[in-house]
Amino acid sequence: GEDGILGQLFGSSRDKFFQDILGKRVAYFPRSEMERDSPVKGIKLSSLYETNDWISLRIRGSREQLDKSTMCYEQMLEYLDGGGSVVIPISPSDYLHELKMNVENELDIADTSMNVYHSGPSAVALNIHYDAYPVIVLQLSGEKEWIIQNDAFGDSIKDVNTWKNITMKEGDVLYIPKGIYHAATTKEGFNSTTHVTIGLLS
């Protein structure tokens, strides 16, 4: 029901999500139109730095693993301030793991991939791409500008003529079916922004 994690994510649109949206189309759920608080607010970045050993560093498509022996938490913050991003795959030791388990239980699926994307000013963690599975996005802090494919579904990117632009604010939820091209950028005027993706693998 609406008391579960999906009710917290989608508000009164929970049933509509299952009936009309899941697996079918892109959908945007602004928190301002919901009567429910977001299940997670803000980001405990220092906690994730402590508990997670799989943080990757991203600047404009390049990626490398963060090595805690050579990059302390303060240095990671400096990297972010320089327009970098970190991608943190949520593991059982992380405080957000309970959210991952709750989504799996309520959707009755065996596995999700859950990643936190925390970006500095003007940062792009991933260039335009699509995922091989549907993704639920929850904005945790700051604002992010999304560009999402709006035609030529199933074709190559050169055939896409129209794009949807969405500004995600704290608590907003976005659903992107598999195979839909998209990318996200920190909105101008924000020093940092964070979203979490929940990939529905099975």
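The values are calculated or read from the model by the stated rules, or taken from the named source; none is laboratory data. Predicted model, so just to flag it, every value in this text is computed and none were measured. Cβ placement follows ideal geometry from the backbone for every residue including glycine, while neighbour counts extend to all protein chains displayed. All accessible areas refer to the heavy atoms of the entire protein, side chains included, with ligands and DNA or RNA removed. Shrake-Rupley method; radii C 1.70, N 1.55, O 1.52, S 1.80 Å.
Listed values, structure above:
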{"read-out": "Hits in the range 174-194 - residues which are within 22 Å of Leu48 (Cα to Cα) and open to solvent by less than 10 Å² (accessible area, probe 1.4 Å)", "value": "Thr186, Thr193, Thr194"}
{"read-out": "Count of residues meeting criterion [in contact (Cβ under 8 Å) with a residue 40 or more places away in the chain and touching a strand residue (DSSP E or B) at 6+ places or on another chain (Cβ under 6 Å)] in the range 46-78", "value": "3"}
{"read-out": "Count - residues of the range 7-56 that are in a loop (DSSP other than H, G, I, E, B), more than 28 Å from Ala123 (Cβ to Cβ) and open to solvent by less than 40 Å² (accessible area, probe 1.4 Å)", "value": "0"}
{"read-out": "Residue match in the range 108-129 (condition: surrounded by 15 or more Cβ atoms within 10 Å (Cβ to Cβ), part of a loop (DSSP other than H, G, I, E, B) and of a type in the set (D, E, K, R))", "value": "no"}
{"read-out": "Filter result (open to solvent by 20 Å² or more (accessible area, probe 1.4 Å) and in contact with a helix residue (DSSP H, G or I) (Cβ under 9 Å, 6 or more places away or on another chain)) within the range 130-141", "value": "Tyr130"}
{"read-out": "Single residue of the range 154-173 satisfying the filter (open to solvent by 50 Å² or more (accessible area, probe 1.4 Å) and touching a residue at least 60 places away in the same chain (Cβ under 8 Å)) that is farthest from Leu138 (Cα to Cα)", "value": "Lys164"}
{"read-out": "Subset of the range 57-79 (residues that are in a loop (DSSP other than H, G, I, E, B), closer than 15 Å to Ser47 by Cα and open to solvent by 60 Å² or more (accessible area, probe 1.4 Å))", "value": "Lys68"}
{"read-out": "Selection count where residues are open to solvent by 60 Å² or more (accessible area, probe 1.4 Å) and touching a Ser or Thr at 6+ places or on another chain (Cβ under 9 Å), scope the range 80-100", "value": "3"}
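One line per residue, one yes/no per condition, for (1) closer than 17 Å to Met168 by Cβ; (2) acidic (Asp, Glu):
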residue	(1), (2)
Ile5	no, no
Gly11	yes, no
Met34	yes, no
Lys44	no, no
Glu50	no, yes
Trp54	no, no
Leu66	no, no
Ser69	no, no
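Yes/no matrix, rows are residues, columns are (1) of a type outside the set (S, T, N, Q); (2) modelled with pLDDT of 95 or more; (3) closer than 21 Å to Val135 by Cβ:
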| position | (1), (2), (3) |
| --- | --- |
| Glu35 | yes, no, no |
| Ile55 | yes, yes, yes |
| Asp67 | yes, yes, no |
| Met71 | yes, yes, no |
| Glu78 | yes, yes, no |
| Gly84 | yes, no, no |
| Pro89 | yes, yes, yes |
| Asp94 | yes, yes, yes |
| Asp108 | yes, no, yes |
